[in-house]
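Here is the structure we will look at, set down as structure tokens.
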Amino acid sequence: MPEPIVVRKRPRTPYRRPHGAWKVAFADFVTAMMALFLVMWMMSSGEQARLAVAAYFEDPRGYAAAPGDDSGGLGRQALLDRDELGALAAQIQDSIEGSPDFEGLGDHVAVELSEEGLRIELLENEEGLFFQSGSPSPTSTGRETIRRIVDQLRKLPNDIVIEGHTDARAFRGRNDYSNWELSADRANSARRILTENGVSSQRIAEVRGFAAVQLRRPEAPEDASNRRVSLIVRYDD
């Protein structure tokens, strides 16, 4: 009797369309290329653009305007009121007094609230602590102190006023140069340091020179503390 013939049929595998794993790989490639282009753009950008990006990542929620960017920056932040500027005053004072590089400098940096806004004053000594004697050129201490203050100010949207003041001693050495020019030039030197370190030029509302008209110590008109530069952060009116 012949053996039965057994036919084994394998089940047919249903056709499956290719899955989308390639899309994930392509997305990773596009992301890597975008990161590369951003790095290349940052390397070719100026210092102001780099400061703007750095300031955003330091404080993304409170960042109002790209430093040095007059176009308005990366967003808009509400102006600080009197109470908020009062809290900032304590931060600036602690930043100066707590730095070992500026030991003993706290007596020469006055931070207080005035009718116009938060007033930060750099008070000179007899030797010329912040500016060279009889000159609008800042000393290394003056430049670094203003830079430390800028670290707090550049995150804010409020306008800034810069004032220069002298004591009552007449300026000597030039017939065409007086305390009026000296006070205005020192205020303008401070303005340059602010804008070079990330404060938008659009936020500089005024640069003033008062000579000896507004003495800090009227009872001692030749006292060194009358020679000062004031940075005023205006209130939100």
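The values are calculated or read from the model by the stated rules, or taken from the named source; none is laboratory data. All values reported here derive from a predicted model rather than from experimental measurement. For neighbour counting, all protein chains shown are included, and Cβ atoms are generated from backbone atoms with ideal geometry for every residue, glycine included.
Where strands (runs of 3 or more DSSP E) fall wholly inside region 125-237, the ranges with 3 or more residues that are under 25 Å from the mean Cα position of the chain (by Cα), surrounded by fewer than 21 Cβ atoms within 10 Å (Cβ to Cβ) and in contact (Cβ under 8 Å) with a residue 12 or more places away in the chain are 204-209. If you go through region 110-122 one residue at a time, do you hit one that is polar (S, T, N, Q), more than 24 Å from S189 (Cα to Cα) and modelled with pLDDT under 90? No; the residues of region 110-122 include none that is polar (S, T, N, Q), more than 24 Å from S189 (Cα to Cα) and modelled with pLDDT under 90.
Checking each residue of region 87-96 against the condition of being charged (D, E, K, R) and surrounded by 13 or more Cβ atoms within 10 Å (Cβ to Cβ) gives no match.
Could you tell me whether S99 is within 29 Å of Y235 (Cβ to Cβ), surrounded by 14 or more Cβ atoms within 10 Å (Cβ to Cβ), among the hydroxyl-bearing types (S, T, Y) and at pLDDT below 90? Before you say what the answer is, go through the steps one by one.
Values: within 29 Å of Y235 (Cβ to Cβ): yes; surrounded by 14 or more Cβ atoms within 10 Å (Cβ to Cβ): yes; among the hydroxyl-bearing types (S, T, Y): yes; at pLDDT below 90: yes.
For S99, the condition - within 29 Å of Y235 (Cβ to Cβ), surrounded by 14 or more Cβ atoms within 10 Å (Cβ to Cβ), among the hydroxyl-bearing types (S, T, Y) and at pLDDT below 90 - is met.
Among the criteria (1) under 17 Å from G209 (Cβ atoms); (2) at pLDDT below 95; (3) not β-branched (V, I, T), the one G164 does not fulfil is (2).
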